[in-house]
Each structure stands twice: as structure tokens, then as C-alpha cells.
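Before any comments, here is the structure.
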Amino acid sequence: MAQTTENIEASHIHLDSSFVIVFSKSKGMRRLTLEQLRDYELEPDEFYWAYLQRVAAQNREFLEEVGLEHSDIDDLLAREVRPHCHVRTRGAFIAINVFNELPKQESGDMECAQIWVDAKRMICIWHDPLDVFQSLLEGFKTRVPPESTAEFWARLVLAIAERAEEMVEVLQDRIDHLEDVVLETGDHPWESELAQVRRLATIVRRSMLAHLDILRNFEIEKFEWVNRINKRRVREAGDRALRIAEEMDAIRERAEIVHDQIMFKRSENTNRYMLMMAAIAVVFLPLSFVTGLLGINVGGIPGSHDPVAFSIVSGLLIIFGVGLFAIVRWFRIF
């Protein structure tokens, strides 16, 4: 059967459309359409990567033609699926979270890639273009393309871990800044910013634990097409996912400390203001009592007809007030 494809460079591959790439040790990478793949006969050292947009009408027909079971096809084309690894006899269906960037909301900017991988093919279904595959393609410019689907899968999960590590660095910088603001300058950052850091750390941690569970399930399976080197790479990706989850726990704990420090400072300021009000009350309540007592409109008030009585009473009140103020300061109430 005639082979009409041509070798391509990784820089010529665009992730905004569906395509198939055949990898060969001897012939490099070649791009095909789904129609061309139907008439293409893979050689023993070749495998292909199908990158399919979920809304494409021909997906189900293509997946049926390549021999996938109907249950696996339904999982691949499902719009909503939780991250997991479902092992079959020939391969595995994997739904895995992929971050395009630091998520701004609970589910936004976090895509779930649905993947089928076996000895000869790796099929990825996507809704929005996935940046992690772009980083893989850029890596093909400087590194030898993968020689098997197992190596492609191992590189993919390592790339996902690397992207998550970039998010760890961003969150660490943000929590470092919040700690500097609170612990060194004494200012209070917006609580919404602190809450966002804690929420993002929770999202990334939950995603990495699901990622770890997927990798562990894949690792324990004894696929003949997965050699020891690629199993070690998958294990390394799992270890990095676990480390990232632990880093997210640390960030959440640091955020909790910053929050406690904010609440402590706020409580301290409140107590200081209340103490000041109490000290003012200590000084002025006795004075108010005396002036109120002398101001009642009944007969018999001493000095009511004396022209110098007001000056005398005012002087005594001033002296009394200064004395109370001195006592308050002596006890260092404020």
C-alpha cells in the first residue's frame, strides 16, 4: 500500500485542529489526516498519536474503525468525566487533569484530557487546545521524538508535573509576598487575595492526588509494551505529583498562619481601641457625675449665688481630671 505522507517538523504542528502523527525510528514524524490513516499500514517500528477535537463529527466512526470497544469510545467522547485510569487487556483509558494556566475558578483553565494508550497508538480527545502538548512538541525540536507510546505517555505525565511545578512556584511567590506584608510591614492584605491562594492550593493539590492515583494504577499493570525505563519515568512523575501535593499542603498551612496573624493583629488593634475608650471613660465618668449632680435644677445647690463658685468648681474638676489621667498613665493602661 502506498505511503504518501511526508516528514514534518514539530514547529509545523498546530494544536487548534485534529490530526494524526506517525512516529517512526527510521522516518521521523509524519502528519496524516484521519482519512489517510485509514489507508495507512503501520510498520513494526511505528506508532501514531491521534489528537482529536471532541466536537468533530467523525470521531466515533474513526474510533470504531481503529477497533476500540464501545465503552471506551463512550468514555473518550464523554463531555464530563472524573480523572481515573481504567485498564483494559490491550491498553488503558485515562482521564487526566491538565492545567493550561493557574486556574482562576473552580473548574476554569483546568482541562481533562481523555486518552487511550496501547502498544501502537495514543489517542487524545480535547475540547480546548492543551498547552502541555505544545511543550512536548517544542521538546521534540531539541530531543529525539519518542520511540514508543509508552515513552510518549511517560513524557506527557512528566510535562504535566513540570507545569504543575510552575504553578507551585507562582503560589509560593504569592504566599511569600503575603507573609512579608503581614509579618514585616504589619499591613493587612486583602483577605480575598489570601483566600484565593488557599483555594488555588486546594485545587492543585486535589488534582495532583488524582494524578498520582492514575500513575500508580498505570504503573502496577504489567503491559508488555511498557519497558522498565518508561515505568521508572512514570514512577518519577508520580513522585513529583506527590511532592507537589505536599507543597500545596505547606502553602495552605502558611496561608493559615498568615490568616491567624491577620486575625491576631486585628484583635490586638480592637483591644487597644477598647482599652483607650475604657481609659477615657475612667477619666470623664467621675467628672460627668459631678457636673450632672451640680446641674440639677433644685434648691440648696452650694454656691448657686456665689459669683466665683463656677471658677472654683471648674478648677477643682480640672485638677481632679488631671489626677485621674496621671493615675491611668501610672498604671500604663494606654
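The values are calculated or read from the model by the stated rules, or taken from the named source; none is laboratory data. Treat the numbers as computed from the prediction; the structure is a model and nothing was measured. Here Cβ is always computed from backbone atoms with ideal geometry, including for glycine, and neighbour counts include all displayed protein chains.
Here are the numbers for the structure shown:
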{"item": "From I262, I251, residue being assigned to a helix (DSSP H, G or I), touching a residue at least 60 places away in the same chain (Cβ under 8 Å) and in contact with a His (Cβ under 9 Å, 6 or more places away or on another chain)", "result": "I262"}
{"item": "Set G108, G67: member being surrounded by fewer than 15 Cβ atoms within 10 Å (Cβ to Cβ), modelled with pLDDT under 85 and within 17 Å of L37 (Cβ to Cβ)", "result": "G67"}
{"item": "Yes/no for A159 being closer than 28 Å to S24 by Cβ and either outside the structural domain of R235 (by TED's automatic domain parsing) or part of a helix (DSSP H, G or I) (or both)", "result": "yes"}
{"item": "Checking V234 against (1) at pLDDT below 85; (2) part of a helix (DSSP H, G or I), the condition it does not meet", "result": "(1)"}
{"item": "Contacts under 8 angstrom Cβ, first residue in the stretch 232-244 being free of Cβ contacts under 8 Å to residues at least 12 places away in the same chain, partner among the basic types (K, R), 6 or more apart", "result": "none"}
{"item": "Criterion (under 14 Å from I96 (Cβ atoms) and modelled with pLDDT under 90) met by exactly one of A164, A210, A195", "result": "A164"}
{"item": "Filtered residues of the stretch 247-281 (kept if surrounded by 15 or more Cβ atoms within 10 Å (Cβ to Cβ) and within 30 Å of V313 (Cβ to Cβ))", "result": "A279"}
{"item": "Selection within the stretch 31-48 - surrounded by 15 or more Cβ atoms within 10 Å (Cβ to Cβ) and in contact with a Ser or Thr (Cβ under 8 Å, 6 or more places away or on another chain)", "result": "R31, L32, L34, Q36, Y40, E46, F47"}
